[in-house]
Amino acid sequence: MGRGGSARRPADARELPAELRLRLRVNGVMLELWLDPRVTLLDALRERLGLTGTKKGCDQGACGACTVLADGRRVLSCLMLAVTCEGRDIITIEGLDDEGGMHPLQRAFVACDAFQCGFCTPGQILSAVALLAEGRAGSDAEIREFMSGNICRCGAYPNIVAAIREVARDPGRASV
Amino acid sequence: MHPFEYIRPSDVRHAVTAAADPGAAFLAGGTTQVDLMKDGVLGPRVLIDITRLPLRGVALVGGVIRVGALTTMEELAADPVVADRLTVVRESLLQAASPQLRNMATVGGNLLQRTRCRYYRDLSCACNKRSPGSGCEALDGQHPMHAILGTSEHCIATHASDLAVALVALDAVVRIQGVAGERAVPLTGFYRTPGEDPSVENVLEPGELITSVEIPLLPEEARSRYLKVRDRASYEFALASVAVALVTADGVTRDARVALGGLATVPWRSRAAEEVLRGVPVTPDTCIAAAEAALSGAVPHPGNAYKMELGKRAVARALSMVAGGSG
């Protein structure tokens, strides 16, 4: 039976579970980490890889702030144990840049004033990237329904819908 | 989170063998399991990651749709045969959770998801489901989301699944693998109402694994819908939900399926409502009679008594939606 990869025991804490080796691709870069199996993908990204663009909101799968793309699909990194991501391809907000420039959705969020405090914004944008790929931007109502997993406490929803609508209609023009 | 040993078996046989350990738990999509492990509600000693097992995919075999247990909710909703022939299943999926969660959560895990009862999820509270014999704080506490059907004096927690409501209406069958072999259980006989021991939620024996779900297709002429009533327009659990499928001929209902969610401790098939509908036309009067039958025997508590009327109206509305041709 396959264990979850190689294991090594932390030298300083005998009561802790053995660390497991994890190999995954993050924003196009293949990485190897040794992790306690209890560490979520969210915490691995933020605390081990320094990718703090992915936000910890509720940490219980309710708010969407931790949304990332895994193998192209939007998921909640707070409810994924990092060790289960062996071999997967993860994209965070830091990996979204388009040859050094901002992604069209990032530009549209700025142009449409689609945030106030900005805490939910990385998750909103990753979710919107997936929404466009899923073809779910047919109407404002459809955008709202398929963005419902991303909560914005500032209530910037109308402008978030506007930003997504703009990119859906004209992917090239989102630089306004 | 309690420490655990993480293992990732490569085939079903190894998975169920490892699960014979009474402290073991399976991990699939993780949307319930990881959440409850973080809160300390669940604390397996061994966590068996089954996500790489070959139990994913949807296939039409004869008149039955066979769904691998690790198929995600999103994948099942997107299946063309489901979209074409099983409207009630597709609607139950797309009205559940959020796109992110539907990309993670599996069909097998969906059927086994734990209740949203806040007392179950709060370790400082008594809960017969989490800690048998400790009591039920929901009975005298806040229980607007709680059940009025299938309850006992030990538990009134609702089953939270939407998909399971559609599947009990369609006579789906769950295939289960254990160390001793495979068995098939109709979903209508899979769940256990709380009774004396709310910690027993279904007929699974320790270590058994759901490997697939088989959904018989409805007749071509059948119409079906899923109606979900909730506190906000999207991304919320049901206060009341209704799965309906009708086969009509010459203005008369030949076959009717009615199941309720959000109202009961288990996904609730209402054969009493179906009896009322069979052999008569769908009219406002027969809709109301079926709704009354569906809620018969319900036991309200002060904080959820509103569900008596809400449940009846939801049943009547779902029936009229289907009969009105919007299925």
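The values are calculated or read from the model by the stated rules, or taken from the named source; none is laboratory data. The model shown is predicted, which means the values in this text are computed figures rather than measured ones. Heads up, the Cβs are rebuilt from the backbone with ideal geometry, glycines too, and the neighbour counts pull from every protein chain shown.
Every listed requirement among (1) part of a loop (DSSP other than H, G, I, E, B); (2) in contact with a Leu (Cβ under 8 Å, 6 or more places away or on another chain) is met by B:Ile176 save one, (1). Scan the stretch A:131-162 for residues that are without any contact (Cβ under 8 Å) to a residue 12 or more places away in the chain and under 18 Å from B:Leu94 (Cβ atoms) and jot them down. A:Gly135, A:Arg136, A:Gly138, A:Ser139, A:Ala141, A:Glu142, A:Glu145, A:Ser148, listed by residue number.
A:Glu94: charged (D, E, K, R), farther than 17 Å from B:Ala97 by Cβ and in contact with a Lys or Arg (Cβ under 7 Å, 6 or more places away or on another chain), yes or no? Even if it seems obvious, please write down each step before you answer.
Details: charged (D, E, K, R): yes; farther than 17 Å from B:Ala97 by Cβ: yes; in contact with a Lys or Arg (Cβ under 7 Å, 6 or more places away or on another chain): no.
Spelling it out, it is not the case that A:Glu94 is charged (D, E, K, R), farther than 17 Å from B:Ala97 by Cβ and in contact with a Lys or Arg (Cβ under 7 Å, 6 or more places away or on another chain).
Among the residues making up the stretch B:251-280, those that are among the aliphatic types (A, V, I, L, M), in a strand (DSSP E or B) and in contact with a strand residue (DSSP E or B) (Cβ under 8 Å, 6 or more places away or on another chain) are B:Ala256, B:Val258, B:Ala259, B:Leu260, B:Ala264. Among the conditions (1) within 30 Å of B:Met37 (Cα to Cα); (2) within 13 Å of chain B (Cβ to nearest Cβ), A:Ala141 misses just one, which is (1).
If you take the residues of the stretch A:109-137 that are more than 18 Å from the chain's Cα centre (by Cα) and within 14 Å of chain B (Cβ to nearest Cβ), which of them is surrounded by the fewest Cβ atoms within 10 Å (Cβ to Cβ)? This residue is A:Gly135.
Residue count for the stretch B:200-225 satisfying the condition of being assigned to a loop (DSSP other than H, G, I, E, B) and touching a Ser or Thr at 6+ places or on another chain (Cβ under 7 Å): 1. Taken over the stretch A:72-109, the residue count meeting the criterion of being at pLDDT 95 or above and acidic (Asp, Glu) is 3.
Can you list the strands (runs of 3 or more DSSP E) found entirely within the stretch B:8-99 that contain at least 1 residues being away from chain A (no Cβ under 12 Å), hydrophobic (A, V, I, L, M, F, W, C) and within 19 Å of A:Val83 (Cβ to Cβ)? Reasoning before the result, please.
On the way: elements: B:24-27, B:46-49, B:58-61, B:64-68.
Ranges flagged: B:24-27.
Quick one: in the stretch A:41-71, which of the residues that are among the small types (Gly, Ala, Ser) and within 10 Å of chain B (Cβ to nearest Cβ) is nearest to A:Gln124 (Cα to Cα)? Steps first, answer last, please.
Kept after step one, since they are among the small types (Gly, Ala, Ser), are these residues of the stretch A:41-71: A:44, A:50, A:53, A:57, A:61-62, A:64-65, A:70.
Next, from what is left, pick out any that are within 10 Å of chain B (Cβ to nearest Cβ): A:61-62, A:64, A:70.
On the way: A:Gly61: 14, A:Ala62: 13, A:Gly64: 7, A:Ala70: 15 Å.
Result: A:Gly64.
Going through the stretch B:226-250 one residue at a time, which ones are of a type in the set (Gly, Ala, Ser) and either touching a strand residue (DSSP E or B) at 6+ places or on another chain (Cβ under 7 Å) or not in a strand (DSSP E or B) (or both)? B:Ala233, B:Ser234, B:Ala238, B:Ala240, B:Ser241, B:Ala243, B:Ala245, listed by residue number. If only residues of the stretch A:63-108 that are of a type in the set (Gly, Ala, Ser) and crowded, with 17+ Cβ neighbours inside 10 Å are counted, the one that is farthest from A:Asn159 (Cα to Cα) is A:Ala82. In the set (1) touching a Lys or Arg at 6+ places or on another chain (Cβ under 6 Å); (2) outside any helix (DSSP H, G or I), B:Val168 fails one condition alone, (2). Residues in the stretch B:19-41 that are surrounded by fewer than 20 Cβ atoms within 10 Å (Cβ to Cβ) and over 25 Å from B:Ser124 (Cα atoms): 2 in all. Residue count for the stretch A:149-160 satisfying the condition of being surrounded by fewer than 21 Cβ atoms within 10 Å (Cβ to Cβ) and over 19 Å from B:Glu236 (Cβ atoms): 3.
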